[in-house]
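Throughout, read-outs are computed from the coordinates displayed, never taken from laboratory work. Just so it is clear, the model here is predicted, and its values are computed rather than measured. Cβ placement follows ideal geometry from the backbone for every residue including glycine, while neighbour counts extend to all protein chains displayed.
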Amino acid sequence: MAEARGPTDRQDLEANDQPNLDTLFQQMDDDELRDATHLTPREYAKLRGIAPQLVYYYIRTGVVKDERCQCGRRVVHVSRTDEALAAHTRARSGGLDTRSDEVRAEGGQGSVLPGVSPADTLEGD
């Protein structure tokens, strides 16, 4: 004879299914964000794991360019924003460029010490 399920068994079953549904919905939201080309600043921040205020700061200071979608919402282009933030981070975290303006304009290596070329420092070791 089959055992009848009581109300507690059903509640346990629903309680066990709930986290799985939450996880599924979260995963669906994350997948949609990853596939999008334009996101709101808040969605972009969530996707990249940064504070939304930081995205709005970069928009306000001109590091990131925003657009208005047809519905009037402020959006950022994901790949362009990634590139802008990467360039901004490189510029801020890079070392001090001690090359002269002429060498920098020519794209040359320059030297760290006056009168010593990078090749000289390598050959001396």
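Residues 46, 65, ranked from the fewest to the most other C-beta atoms within 10 Å, line up as 65, 46. By the beta-carbon count within 10 Å of each Cβ, the least crowded to most crowded order of 54, 21, fewest first, is 21, 54.
Hydrodynamic estimate: the Kirkwood radius of the range 29-91 over Cα pairs, inserted into Stokes-Einstein at 37 °C and 0.692 mPa s, corresponds to D of 280 µm²/s.
Could you work out how much longer the chain between residue 69 and residue 38 gets when fully extended? Use 0.36 nm per residue separation minus the Cα distance between them, nm to one decimal. Walk me through the numbers before you get to the answer.
Details: separation 31, 0.36 × 31 = 11.16 nm, distance 0.89 nm.
Stretched fully, the residue 69-residue 38 segment lengthens by 10.3 nm.
Would you mind calculating the gained length between residue 93 and residue 26 on full extension (0.36 nm times residue separation, minus the Cα-Cα distance), in nm to one decimal? It would help to have the intermediate numbers written out before the result.
Working: separation 67, 0.36 × 67 = 24.12 nm, distance 3.37 nm.
My answer for the length gained is 20.7 nm.
For the range 29-91, what relative contact order do you get, as a whole percent, if you take Cα pairs closer than 8 Å and at least 6 residues apart? Don't skip to the end; give the middle numbers.
Numbers: 62 pairs, mean separation 20.0, N = 63.
Relative contact order comes out at 32 percent.
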